Every structure is written in structure tokens, then in C-alpha cells.
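Have a look at the structure below, then the notes.
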Amino acid sequence: MPPLALSAPTLCPRCDSPSGLADFCLQCSLQLRQCGNCHGVAGPFDRHCGFCGFELLRGARRSPVWRLWLLIALVPLAAGLGYGAWVARLPMAATQAVGSAVRPSPTPELRPYQSQRLHVAYAIPRDWQAIDYTRSSDAGRTMPFVVVAKASSDQQAVSDAKGDLVGARPQGTVLALGRPTIDTSLVADPSAPAAVLTSEVAPLAASPPSGLKVEVVRPVRPGTVGGQPAATVVLKLTRDGSTYYLERALVYAPNGKAAPMVRIEALLPASSWQSPDHVAIDSIVASVRSG
């Protein structure tokens, strides 16, 4: 009979799992029968190498390269510090450009107005101009809308189009506000701005006037303006190489015998779409109240 020590199962010195005749422990993957430091032969029950004294439980020595993970982890930190130093040395104009990309455009300071005949109160930026065409004393003729323009020279373009901004060709941003008579015979609920606005926009998008291309940038969305039910839509208009964005909002704000829907329609050149003018238009729309 062979000695018991030679016939006993070989155990892993790290986890004491039977390893049989394998060169690696099937449980913890420790390299067996070989020292991880000097690669000398190790016995089945050795805890330390008989050649160099290395503790076999530790397995093979790691390469010094593994310590480079610390340097790799420092790369994002160094990149952030370098970017901060670069921004600190930028000229003032470039610094403002970087800041404007992060910070939204500030809300413009508004001044209040009111149209007695339209029964509508609104507010516009202080450097913009508003003409209430419902009062003949303002423009020499009476028309059922108010025109707000960033440049006074664009007032004529909107008045010539009789408030229909789809056919207007202004140089800058303009806005028309009124209580038009809207055909709601095909709308199930005439007091629902989203349904009424859809009935207006759908024919325009499906069959635009000749020479005009109409694209829906943002479909009809219901919401509220001044606590009243409202809906908005954004269209992209292209004609003769010129591109405009048309933002139309309907607000259900009945007041006496006036038409129940208030329409706010803004026309912006493509260059003014993502600009402070866009913020100003949103501020004007949000200020509309029945009054």
C-alpha cells in the first residue's frame, strides 16, 4: 500500500477545494504545482515555495503595468483642468459665446398693452412696436387685428397682407393678434383650441398656395395660456428661396359678443428662429389675457 500522503486528494492551498491532477484550481483558478514567483515545482500540500519562500496562496505576481490604471483614471481630471485653463485665457467675445451656449436667452422686459375692441390684454418687449388696427386713429383704416413688429418698417408688410402672415414677406420678426371668425362646422367641439387649430392647419399643410412649401415642424399641441385652454403649432414656410417659421396659437377666451378664439400668429425669418426673437415671441404669447 502506498503511503496515505501520496494517495490523498490534492487540495488547493487557497480554498481547500479538491484539485485532482489539474494545473489550476477549478474553484479559484490558483496555479497549482508551480510557484507563481520563481516557477519552481511546488508540492500538493505546500503553502510556501521551498525555493524562494513565496506564499503560494497569492498566486502569480502581477505585472507592474497593472498600476497604470491610476494614471488612466487621472486623464479625465487632467483634461478638465486643461479645458478650464483654456477657457480662462479666451478673449472676452469667445467667453461670452461659450457662456451663451450654456445659458438660455434671458426673458425680455415687457410693457403691457390692451386692445379694447378685441377684449385682449398683452405685453411686448420695450423696443418693439405695436399698432392696434382696430382703432382707425392708429393707421387711418380699421382692421380686426393688432400687429407687433420688432422693426417698424415691417408693419406695412403685415397690414398689406391683412394680418395673414402666411402670405407676408417681412424682413424681421412680426406678430399678429386678433379674434378672427373661424369656421368650426367640421369641429366636434368648437371650444377645443387643439381641434380648431388642427382644422385650420390641416388644409394648409395638405394643399398649400401655389409656390409655397409648408412643413410641420411641431404638430398641434394642447396647453394653456393665461389659465385658458390653448393650442400651438409651428410650420416651416419656404417660398422663392426664402424660409420662415410660422408659430400659431389659439386661445379659447370668450368675452361678450367677441369671437371666442384669440389667434396669436408669429412669423420669424429662419435666421431668427433660434434667437432672442423666439424667446420674445413665446413671452408675448404667454402674456395674452382676455380683458
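Below is a table of values for the structure above.
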| quantity | calculated |
| --- | --- |
| Some residue of region 191-204 being buried (at least 19 other Cβ atoms within 10 Å of the Cβ) and of a type in the set (Ser, Thr, Tyr) | no |
| Top-ranked residue in region 215-243 [being among the small types (Gly, Ala, Ser) and more than 20 Å from residue 120 (Cα to Cα); ranked as surrounded by the fewest Cβ atoms within 10 Å (Cβ to Cβ)] | 241 |
| Pairs with Cβ under 8 Å, 6+ apart, first in region 227-240 and under 16 Å from residue 203 (Cα atoms) and without any contact (Cβ under 8 Å) to a residue 60 or more places away in the chain, second hydroxyl-bearing (Ser, Thr, Tyr) and outside any loop (DSSP other than H, G, I, E, B) | 234/245; 235/245; 236/243; 236/244; 236/245 |
| Filter result for residue 149 (at pLDDT 90 or above and either under 22 Å from residue 125 (Cα atoms) or surrounded by 13 or more Cβ atoms within 10 Å (Cβ to Cβ) (or both)) | yes |
| Residue list for region 242-291, restricted to those being β-branched (Val, Ile, Thr), part of a strand (DSSP E or B) and more than 18 Å from residue 176 (Cβ to Cβ) | 243 |
| Subset of region 159-190 that is in contact (Cβ under 8 Å) with a residue 40 or more places away in the chain and over 30 Å from residue 127 (Cβ atoms) - its residue that is surrounded by the fewest Cβ atoms within 10 Å (Cβ to Cβ) | 181 |
| Residue 154 of a type in the set (Asp, Glu), out of contact with any Asp or Glu (no Cβ under 9 Å at 6 or more places or on another chain), buried (at least 17 other Cβ atoms within 10 Å of the Cβ) and outside any strand (DSSP E or B) | yes |
| Boolean, residue 258 is within 22 Å of residue 116 (Cβ to Cβ) and touching a residue at least 60 places away in the same chain (Cβ under 8 Å) | yes |
| Region 204-256, residues that are β-branched (Val, Ile, Thr), out of contact with any Lys or Arg (no Cβ under 6 Å at 6 or more places or on another chain) and under 23 Å from residue 191 (Cα atoms) | 220, 224, 225, 251 |
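The values are calculated or read from the model by the stated rules, or taken from the named source; none is laboratory data. Since the model is a prediction, treat every value here as computed from it, not as a measurement. Heads up, the Cβs are rebuilt from the backbone with ideal geometry, glycines too, and the neighbour counts pull from every protein chain shown.
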